[in-house]
Amino acid sequence: MRTSRVLAGILAATLTVSLAACSQDSSETSSNSSSAASSQSSDVSNEAFPVTIEHAFGETTIESKPERIATVGWSNHEVPLALGVTPVGFEKVTWGDDDNNGILPWVEETLSKLGSDDPVLFDATDSIPFEEIANTAPDVILASYSGITQEDYDQLSQIAPVVAYPEIAWGTSLDEMIEMNSKAIGLEQEGKDLIADLDAEVASAIDANPELKDAKPVFAFFDESDFSQIGVYTSIDPRMSFLLDAGVQEASVLKEHSSPDSFYEQVSAENPETFDDVDVIITYGTEDDAANAELLSKMQADPLLSRIPAIAEGKVVFLGANPLAASANESPLSIPWGINEYFAKIAEPLK
C-alpha cells in the first residue's frame with residue numbers, strides 16, 4: 001500500500017472491509033507471519049529504546065519496551081496482534097460485529113491463535129473512557145489512527161505515552177499506522193515485513209479481479225431523506241485510498257473534491273455530470289437485499305441521481321452492517337481475512 005491517505009467517516013468511524021473466504025495461501029501467509037512475529041517480539045530488548053515518534057501534537061518518547069499496550073481508535077490494536085503481541089485493552093466494536101461480542105471476527109481468530117486471555121474492551125460509544133484505559137495500567141497507548149483531540153491527548157498522556165496520528169484526525173494510512181505502532185512497541189522491522197506481506201495479498205486479490213484495474217469506483221453515502229447531496233469519501237479517506245493504492249483509477253469527482261485535510265465531501269446532485277466517469281459506486285445499505293433494491297429504485301427514479309450512469313445502470317454495491325462492510329476500512333488483520341470477497345463483490349457489477 002503506497003501513499004498515505006485517510007479515513008474516518010460520516011457513519012462515525014464505524015466501518016472497515018470484508019467477509020471470509022481468503023485463499024488458503026493467504027491464510028497460511030498470515031499465520032506464518034504471526035507466529036514468526038510472536039517469536040521475534042519475545043526477543044525484543046530495551047536496546048531498541050528509547051524511541052521518539054513525531055505526531056500531530058508534538059512528539060512522544062517511549063523510554064523502554066512496552067509490556068502493556070492499550071489502544072484507542074479504529075484498528076490500532078491489530079498492529080501488535082498481527083505481530084504476535086496481545087494488547088491489554090482496545091475499543092469495543094459497535095458496528096459490523098456479527099455476534100455482538102464487541103470483537104470483529106478476524107480479531108477473534110487471531111486472539112484464539114495466540115492463546116490470549118480476553119483483553120479489556122473499552123466502551124468508547126460516547127467518549128474516550130479514560131478511567132477504563134487507566135485501569136489497564138498501560139505502558140503505551142497507540143492512537144495513530146484515531147480522532148483524538150489535543151485535550152484527549154493531554155489526558156491520555158497522564159496515563160501513559162501516547163502515539164497520536166501524524167497530521168489529520170482519521171487521516172492515517174494503513175502503512176503509516178503500522179509503521180508508527182510497530183516502532184512504538186519495538187517491532188519496527190517486523191512492521192515493515194507486515195506491510196510487504198499485506199501488499200502481496202492485495203496484489204493477488206486485484207489480479208483475481210482484473211475488472212477493477214481500469215475501473216473508477218467511488219465510495220459514497222446517500223441520505224434517503226435528501227438526495228440533493230451526495231456524500232463522497234475523498235482520495236485521502238482510507239476506504240478510497242486503499243482502493244487507489246491497490247490499482248484502481250481515480251474518478252474525476254475525487255480529483256475535483258479531494259483536499260489534503262478532508263476525508264469526506266458533500267457534492268451537489270445538481271451536477272450529476274461530475275460522476276459521468278464513475279464505473280461503480282460503493283455505499284452503505286442494510287442486510288436486507290430487498291431494502292437495498294428499493295433504495296436503488298428510489299435513486300434511479302430521482303431526476304438528478306438517475307442522470308449518473310452508474311446509478312442508472314444499477315452499478316451500485318451496497319454494504320450491510322456486517323464484517324464485510326467493516327473490513328472495507330482496511331486493517332492488518334481484515335485484509336488476509338476478507339480481501340478476496342470484498343474485491344469480488346465490488347468487481348461483480350463490472351463483469
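The values are calculated or read from the model by the stated rules, or taken from the named source; none is laboratory data. Because the structure is predicted, anything quoted here is derived from the model rather than measured. Don't worry about glycine lacking a Cβ; one is built from the backbone with ideal geometry, like all the others, and counts go over all protein chains shown.
Yes or no, residue by residue, for (1) buried (at least 16 other Cβ atoms within 10 Å of the Cβ); (2) part of a loop (DSSP other than H, G, I, E, B); (3) on the phi < 0 side of the Ramachandran plot:
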| position | (1), (2), (3) |
| --- | --- |
| Glu59 | no, no, yes |
| Glu67 | no, yes, yes |
| Ala70 | yes, no, yes |
| Gly73 | yes, yes, no |
| Asp97 | yes, yes, yes |
| Asn100 | no, yes, no |
| Trp106 | yes, no, yes |
| Thr110 | yes, no, yes |
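Condition (residue is in a strand (DSSP E or B), more than 15 Å from the chain's Cα centre (by Cα) and of a type in the set (Phe, Trp, Tyr)) applied to segment 123-130: is it met by at least one residue?
No, there is no match, as no residue in segment 123-130 is in a strand (DSSP E or B), more than 15 Å from the chain's Cα centre (by Cα) and of a type in the set (Phe, Trp, Tyr).
Conditions tested, residue by residue: (1) crowded, with 24+ Cβ neighbours inside 10 Å; (2) under 15 Å from the mean Cα position of the chain (by Cα); (3) part of a helix (DSSP H, G or I).
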position: Ala160; (1), (2), (3): no, no, no
position: Met177; (1), (2), (3): yes, yes, yes
position: Phe227; (1), (2), (3): no, no, no
position: Ile230; (1), (2), (3): yes, no, no
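Looking at this structure, is Gly171 on the phi > 0 side of the Ramachandran plot and not in a helix (DSSP H, G or I)?
Numbers: on the phi > 0 side of the Ramachandran plot: no; not in a helix (DSSP H, G or I): yes.
Taking the combined requirement at face value, the residue does not satisfy it.
Restricting the search to segment 236-281, which residues are assigned to a strand (DSSP E or B) and either out of contact with any helix residue (DSSP H, G or I) (no Cβ under 6 Å at 6 or more places or on another chain) or surrounded by fewer than 19 Cβ atoms within 10 Å (Cβ to Cβ) (or both)?
Across segment 236-281, the qualifying residues are Ser259, Ser262, Tyr264, Glu265, Gln266, Val267, Ser268.
Table: residues versus (1) outside the structural domain of Tyr233 (by TED's automatic domain parsing); (2) within 30 Å of Asn100 (Cβ to Cβ); (3) without any contact (Cβ under 8 Å) to a residue 60 or more places away in the chain; (4) of a type in the set (Ser, Thr, Tyr).
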residue: Gln266; (1), (2), (3), (4): no, no, yes, no
residue: Ala269; (1), (2), (3), (4): no, no, yes, no
residue: Asp279; (1), (2), (3), (4): no, no, no, no
residue: Gly285; (1), (2), (3), (4): no, yes, yes, no
residue: Asn292; (1), (2), (3), (4): no, yes, yes, no
residue: Leu304; (1), (2), (3), (4): no, no, no, no
residue: Leu324; (1), (2), (3), (4): no, yes, no, no
residue: Ile339; (1), (2), (3), (4): no, yes, no, no
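Need the failing condition index for Ala143 against (1) in contact with a Gly (Cβ under 6 Å, 6 or more places away or on another chain); (2) buried (at least 18 other Cβ atoms within 10 Å of the Cβ); (3) more than 18 Å from Ile53 (Cα to Cα), just the number.
Every condition holds for Ala143 apart from (3).
Would you mention how many residues in segment 231-264 are farther than 23 Å from Ser75 by Cα, β-branched (Val, Ile, Thr) and in contact (Cβ under 8 Å) with a residue 60 or more places away in the chain?
Matching residues across segment 231-264 total 0.
For segment 306-322, name all the residues that are under 25 Å from Asp97 (Cα atoms) and either surrounded by fewer than 18 Cβ atoms within 10 Å (Cβ to Cβ) or of a type in the set (Gly, Ala, Ser) (or both).
Passing the criteria: Gly320, Ala321, Asn322.
In the list Gly191, Gly186, Gly147, which residue meets the criterion of being of a type in the set (Gly, Ala, Ser), touching a Lys or Arg at 6+ places or on another chain (Cβ under 8 Å), in contact (Cβ under 8 Å) with a residue 60 or more places away in the chain and not in a helix (DSSP H, G or I)?
Numbers: Gly191 fails: not in a helix (DSSP H, G or I); Gly147 fails: touching a Lys or Arg at 6+ places or on another chain (Cβ under 8 Å).
Going through Gly191, Gly186, Gly147 in turn, the sole match is Gly186.
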